[in-house]
Amino acid sequence: MREMSRSGPSAKWYWIALILAFVLRAGLVVTTDPSKVFTRWSNVGDASLYDRFGWNLASEGVLGTGDRPSGFIMPGYPVFLAGAYLVTGHVPGMIRWLQVLLGIATVAAIAHLGRRLAGPAAGAVAALVAAGYPFLIYFVPELLTETLFIAAFVGMVVTAMELGRSPRLSHGVLHGVWLTVAFMTRPVPLVLEPGVLLLAQPWKREGRRTRLAGLAAGFLIVAACWGAWIARNYRVFDKLVPFDTHGGFMLYTSQLISRGVPHEEVVRRTRAELGYYRGDIENGTLPGGPQGELDADKRAAEKAREFAQADPRAALMLIPHNLGSLWLNLDFEEVGRQKSRLGWAGLVGVVAYVPVLLLGLLGLMRLWRTQRVTFLGLAWILIGTSLLFGLTHGGKRYRVATIDPILIALAGAETSRWLPRLTRSNGPRSG
């Protein structure tokens, strides 16, 4: 931030972007009933699960429902909710204001990433794009993991890049903190961290000892929190459960969703073939307690495997379908399905995402010639996300979480390279 304040005109646009980010996000929160979990734009039912588990953790001290513990989701977001509920009571509206702050922090972090890629002007452009980017704004008033996860994910990318540029113990510790928050919210960073780690350049000779010590301290934080989660799950399930208990459920339902089965039919078939749906865990009505939850997830994984083996060609064809859904989902459907706004919302999605996608990929290709290590790190993130969600059911939520922040920073870097040419071509002509 100090560097940006010394960068002349770029600093002005940077601060304008932060103000814009606050106004847009706060304006959306102000129009939302603070007592309600869902907004008038909500289209994802996961918010009720997060709210139920978060409030139960705050009021009963149990991550689950009542006195019944659950491992259906990673603990990061429910713990975030519980911390706020302990202070405010069961008031979802206060969570949204915390997410406004997280949204602004995300804009600042994306700007920082853009600045490291191509200088102050790139940071200012990235900040302006991130401030008004509708996909990022949408998740701020929603009680979903995205806002927390995106802030943590961009934080771990930025701190890794700082560690590679200027080795300090604090950079490594902060990297571990952000990696822990992201990983305990969603397991995806376990796949993406090798690429992020490339940005830290741990092999560099200059400051190697400090850099490695910082990374070691950061990874100790990750190991301590992950170890606590594993130990907790072992007490609950009497078995090793390193992540959560909805991997099989997600694999099964994604087989249906990827084939275009309507949501109501997905629920019906899941109940008929698996004997439960997500709401049974949320309400604490799934038979068998914690062990029943674990058995149900294994049953779901087996059914998913049988489903794929019954028609392997169709299962393979789902991968390009899911990749297309991940990268080319432009319809802004979370808003579009509400009150016949599909045409307007689709236009917003296209106008916002297409320039970011094209300029971001162009900026990534340019990195191959100018910053080879940075290219490899960012490419790993993009490809890793694609492979992970291509095998399940990638969609806009997951693209916004990891791909879009990288593309925005790269688009800012690429756009900043054109700014001098645009200024010259639009300037006064002599003669």
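For (1) among the β-branched types (V, I, T); (2) in contact with a Leu (Cβ under 6 Å, 6 or more places away or on another chain); (3) more than 24 Å from H246 (Cα to Cα), each residue gets a yes or a no:
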| position | (1), (2), (3) |
| --- | --- |
| V173 | yes, no, yes |
| G176 | no, no, yes |
| T180 | yes, no, no |
| T185 | yes, yes, no |
| L192 | no, no, no |
| A200 | no, yes, yes |
| K204 | no, no, yes |
| R208 | no, no, yes |
| L215 | no, no, yes |
* Structure fact -> Filtering the range 213-235 for residues that are out of contact with any Gly (no Cβ under 8 Å at 6 or more places or on another chain) and either closer than 20 Å to T402 by Cβ or surrounded by 16 or more Cβ atoms within 10 Å (Cβ to Cβ) (or both) leaves a count of 3
* To do: Could you grab the pairs with beta carbons closer than 8 Å, sequence gap of 6+ or different chains, first residue in the range 265-276 and in contact (Cβ under 8 Å) with a residue 12 or more places away in the chain and over 12 Å from M250 (Cα atoms), second one surrounded by fewer than 18 Cβ atoms within 10 Å (Cβ to Cβ) and not basic (K, R)?
  => R269/V261
* Output the residue which, of all residues in the range 117-132 that are buried (at least 24 other Cβ atoms within 10 Å of the Cβ) and of a type outside the set (G, A, S), is nearest to A82 (Cα to Cα). => V129
* **Residues (modelled with pLDDT of 95 or more and either under 21 Å from Y138 (Cβ atoms) or aromatic (F, W, Y) (or both)) located in the range 360-371** => G360
* Subset of the range 236-249 (residues that are surrounded by 18 or more Cβ atoms within 10 Å (Cβ to Cβ) and under 22 Å from the mean Cα position of the chain (by Cα)) -> D244, T245, H246, G248, F249
* Residues being over 18 Å from A304 (Cβ atoms) and either among the basic types (K, R) or in a loop (DSSP other than H, G, I, E, B) (or both): count how many of those fall in the range 260-285. => 4
* Structure fact -> Filtering the range 163-201 for residues that are surrounded by fewer than 18 Cβ atoms within 10 Å (Cβ to Cβ) and not in a helix (DSSP H, G or I) leaves a count of 3
* Asked: Of the residues in the range 188-235, how many are among the hydrophobic types (A, V, I, L, M, F, W, C) and either touching a residue at least 60 places away in the same chain (Cβ under 8 Å) or within 20 Å of F375 (Cβ to Cβ) (or both)?
  -> 10
* **When residues of the range 56-74 are limited to those that are without any contact (Cβ under 8 Å) to a residue 40 or more places away in the chain and more than 27 Å from L190 (Cβ to Cβ), the one surrounded by the most Cβ atoms within 10 Å (Cβ to Cβ)** => A58
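Would you pick out the residues in the range 275-328 that are among the polar types (S, T, N, Q), closer than 23 Å to G45 by Cβ and at pLDDT 90 or above?
As a first pass, look at the range 275-328 and keep what is among the polar types (S, T, N, Q): 283, 285, 291, 309, 322, 325.
Right, trim to closer than 23 Å to G45 by Cβ and you get 283, 285, 322, 325.
Matches in the range 275-328: N283, T285.
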* Asked: Can you name every residue in the range 286-305 that is assigned to a loop (DSSP other than H, G, I, E, B) and either hydrophobic (A, V, I, L, M, F, W, C) or surrounded by 15 or more Cβ atoms within 10 Å (Cβ to Cβ) (or both)?
  -> L286
* Within the range 167-182, restricting attention to residues that are in contact with a Gly (Cβ under 8 Å, 6 or more places away or on another chain) and not aliphatic (A, V, I, L, M), which residue is modelled with the lowest pLDDT? -> P167
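If we scan the range 45-53, do we find a residue that is basic (K, R), assigned to a helix (DSSP H, G or I) and more than 22 Å from L286 (Cα to Cα)? It would help to see each step written out before you state the result.
Within the range 45-53, the subset basic (K, R) is 52.
Now drop any that are not assigned to a helix (DSSP H, G or I), which leaves 52.
Retained after the next criterion (residues that are more than 22 Å from L286 (Cα to Cα)): none.
No, that holds for no residue.
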* For T374, are the conditions met, namely being closer than 20 Å to I319 by Cα and either surrounded by 15 or more Cβ atoms within 10 Å (Cβ to Cβ) or modelled with pLDDT under 95 (or both)? -> no
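Looking at A160, A127, A151, can you tell me which residue is part of a helix (DSSP H, G or I), small (G, A, S) and either over 21 Å from M184 (Cβ atoms) or in contact with a strand residue (DSSP E or B) (Cβ under 8 Å, 6 or more places away or on another chain) (or both)?
Values: A160 fails: either over 21 Å from M184 (Cβ atoms) or in contact with a strand residue (DSSP E or B) (Cβ under 8 Å, 6 or more places away or on another chain) (or both); A151 fails: either over 21 Å from M184 (Cβ atoms) or in contact with a strand residue (DSSP E or B) (Cβ under 8 Å, 6 or more places away or on another chain) (or both).
When all the criteria are applied, what remains is A127.
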* Asked: Can you name the condition, by its number, that F38 falls short on among (1) surrounded by fewer than 19 Cβ atoms within 10 Å (Cβ to Cβ); (2) outside any loop (DSSP other than H, G, I, E, B)?
  -> (2)
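Looking for something assigned to a helix (DSSP H, G or I) and out of contact with any Lys or Arg (no Cβ under 7 Å at 6 or more places or on another chain) - is there at least one such residue anywhere in the range 61-73?
First pass over the range 61-73, keeping only residues assigned to a helix (DSSP H, G or I): none.
Within the range 61-73, not a single residue is assigned to a helix (DSSP H, G or I) and out of contact with any Lys or Arg (no Cβ under 7 Å at 6 or more places or on another chain).
The values are calculated or read from the model by the stated rules, or taken from the named source; none is laboratory data. Just so you know, these numbers come straight off a predicted model, no measurement behind them. Please note: Cβ atoms are built from the backbone with ideal geometry, for glycine as well, and neighbour counts cover all protein chains shown.
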